[in-house]
Each structure stands twice: as structure tokens, then as C-alpha cells.
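> One structure, as C-alpha cells, below. Some questions next.
The values are calculated or read from the model by the stated rules, or taken from the named source; none is laboratory data. Worth saying up front: this structure is predicted, and the values here are computed from it rather than measured. All Cβ positions, glycine included, derive from the backbone under ideal geometry; neighbour counts span all protein chains shown.
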Amino acid sequence: MSIIENHKTVGLPGSKSAKLRAENVNVFYGEKQAIFDVSLDIGSNEVIALIGPSGCGKSTFLRCLNRMNDTIDICNVTGEILLDGDNIYDPRVDVVPLRATVGMVFQKPNPFPKSIYDNIAYGPRIHGLASSRVELDEIVEKSLQRAGLWNEVKDRLHAPGTGLSGGQQQRLCIARTIAVDPEVILMDEPCSALDPIATAKIEELIDELREKYTIAIVTHSMQQAARVSQRTAYFHLGQLIEVNATDKVFTTPEHQLTEAYITGRFG
């Protein structure tokens, strides 16, 4: 399967209520191009799933949305990504507040080697979001409640976060992300290291979080994409092939490559 010359994304890559808007995004690692001219809107309070075979560029694209690729010396991003109409790649943009506004949850839970409390309090402290211990306590409690973890940890807030189970650690990382009051949450295969019960809890949580946040999730599980997202974007060899309502992508895809992938003919 090779890159398609002059490919135009089929379906509905635009959104009337775009929170994030990627326009003609290309990503290069040195000489190698990983993303080819991708344009995609991510709507306010929607969950969009990014799917496709390994190495198709979905995680690379996700990392563009809060400039995580800046941490890779040989990586170069062209095009524009607009957050509420402002280009996040403008040289005047400070990436520290940007990454608080557009938070990231990684594939492998990565709690800090601190207490459960301090994992959550860390961001609000460095961003100056709490003026007193009482306010900080409230942020910690609210974030853990929102992440569905409060009842499980409220009696051991000063125990190490690394002592929690894998599923609890991932919810702790989600709580840590939402503690700094983001507007967008990016999730890069957040359930790939978790068992089915922990995965179900994270999926329920994603559905609840959509009321307050815009969420983009990379997943290898098509069943998960079908369960949690409203729109699905299919990537193939760095190109965005199709974007449509999730039920349409999985029942009547418009592009033959999308159909080949979801029916298991390749990928």
C-alpha cells in the first residue's frame, strides 16, 4: 500500500464548532516525511478517535496538537494548528501554558514518584492556580472525583501514586491532566496497557469528560473507537484518508482503504 498522490480526505473533516483546526499540516523527521498535508477540525465537546495501522502517523499527528513534537530535535512541523483561532505554532506562543490548556495522557501510565496528592497538586502549584492550601485541597478532590478515583484513594492521599494498580494510575494521570483546567485532552492509546475492567472504567470516564472537554484519542481498538467517539479519522501512511461520524465509518465507509482496514484486509 503506497501513499496516494493528490489525495483529498473524504467525508467530514471540518466542524462547525471547531476547538482545534489543523490546516495543511506536514511533519518531517529529518528527511523522512511522516504526515502529508493533513487538515482536520476537532469540534468542541466531541470525542474524535484517530485510527489506522501502526506507523500511519496518528500518534505523530496527535503530538502536533500540543507541540509535543518540539521535544524531538529532528522533527519539523509545517502548516497551521489553530486553538480557538490562534495558531499554536506562532513563535510567540509559550508551550508551557499551551500544554496545560491542551493536556496529554500517554499510553503507559506515568505517575510522578510522589504521593497521590502531590501528583495532582503539582500542576496547580506551578501554574499558580491555588492561592491557599484549602483551594489546593479542593482542586485535588475535584480532579480525583472527575477521574472517578476519589472514593478509591481518599483515605490514602499521601501514599505513593506508583503504588496504585495500572488502571488507577491511568486515572490518576487523567486527574493530573484535568487539575490544571485544560480545554482539550489528548489521549495516546490510554488503555493499551490495561485489563478489560480498567479499560471499561476509562471509557466510561471519557464519555463523562466530554461534557466539559474536547477529546482526541488514538486507539488501535476499533471497538473502543466505536464505543467512545462521535467522529473517527482514519490515517494511512501519513495521510488522512477519511473522517466521518463514527457509526458511518464502521458501517458504510466512503473510502476503499478505510473499508479494507476495518474489515481486517490489512493493518
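> Scan the range 239-260 and tell me whether some residue there is under 14 Å from G52 (Cβ atoms), free of Cβ contacts under 8 Å to residues at least 12 places away in the same chain and outside any strand (DSSP E or B).
yes
> Would you confirm whether or not the range 168-176 contains a residue that is among the basic types (K, R), modelled with pLDDT of 95 or more and closer than 28 Å to A18 by Cβ?
yes
> Continuing with the same structure: How many residues, within the range 220-230, are surrounded by fewer than 24 Cβ atoms within 10 Å (Cβ to Cβ) and not in a helix (DSSP H, G or I)?
3
> In addition: Determine if the range 232-242 includes at least one residue that is crowded, with 23+ Cβ neighbours inside 10 Å, over 27 Å from N26 (Cβ atoms) and at pLDDT 95 or above.
no
> Count, please, the residues in the range 44-56 that happen to be crowded, with 18+ Cβ neighbours inside 10 Å and modelled with pLDDT of 95 or more.
7
> Report yes if F36 is surrounded by 15 or more Cβ atoms within 10 Å (Cβ to Cβ) and assigned to a helix (DSSP H, G or I), otherwise no.
When the stated conditions are applied, F36 does not pass them.
> Could you tell me how many of the residues in the range 60-91 are buried (at least 21 other Cβ atoms within 10 Å of the Cβ) and closer than 15 Å to Q239 by Cβ?
3
> A follow-up question, please. Can you work out which of the residues in the range 180-219 that are among the polar types (S, T, N, Q) and not in a loop (DSSP other than H, G, I, E, B) is farthest from G166 (Cα to Cα)?
T214
> Out of the residues in the range 1-43 that are among the basic types (K, R) and more than 18 Å from the chain's Cα centre (by Cα), state the one that is modelled with the highest pLDDT.
Selected residue: K32.
Per-residue answers, yes or no, for (1) without any contact (Cβ under 8 Å) to a residue 24 or more places away in the chain; (2) touching an Asp or Glu at 6+ places or on another chain (Cβ under 7 Å); (3) within 28 Å of A216 (Cβ to Cβ); (4) of a type in the set (A, V, I, L, M):
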site	(1), (2), (3), (4)
Q107	no, yes, yes, no
H127	no, no, yes, no
R146	no, no, yes, no
E152	yes, no, yes, no
L157	no, no, no, yes
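> Is one or more of the residues making up the range 61-75 closer than 18 Å to I215 by Cβ and in a strand (DSSP E or B)?
No; the residues of the range 61-75 include none that is closer than 18 Å to I215 by Cβ and in a strand (DSSP E or B).
> Next question, about the same structure. Quickly run through the range 4-32 and pick out the residues that are part of a loop (DSSP other than H, G, I, E, B) and touching a Gly at 6+ places or on another chain (Cβ under 7 Å).
If the condition is that a residue be part of a loop (DSSP other than H, G, I, E, B) and touching a Gly at 6+ places or on another chain (Cβ under 7 Å), then S15, S17 are the ones that fit.
> Next question. Can you tell me which residue among A193, A216 is among the small types (G, A, S), touching a strand residue (DSSP E or B) at 6+ places or on another chain (Cβ under 9 Å) and touching a residue at least 40 places away in the same chain (Cβ under 8 Å)?
A216
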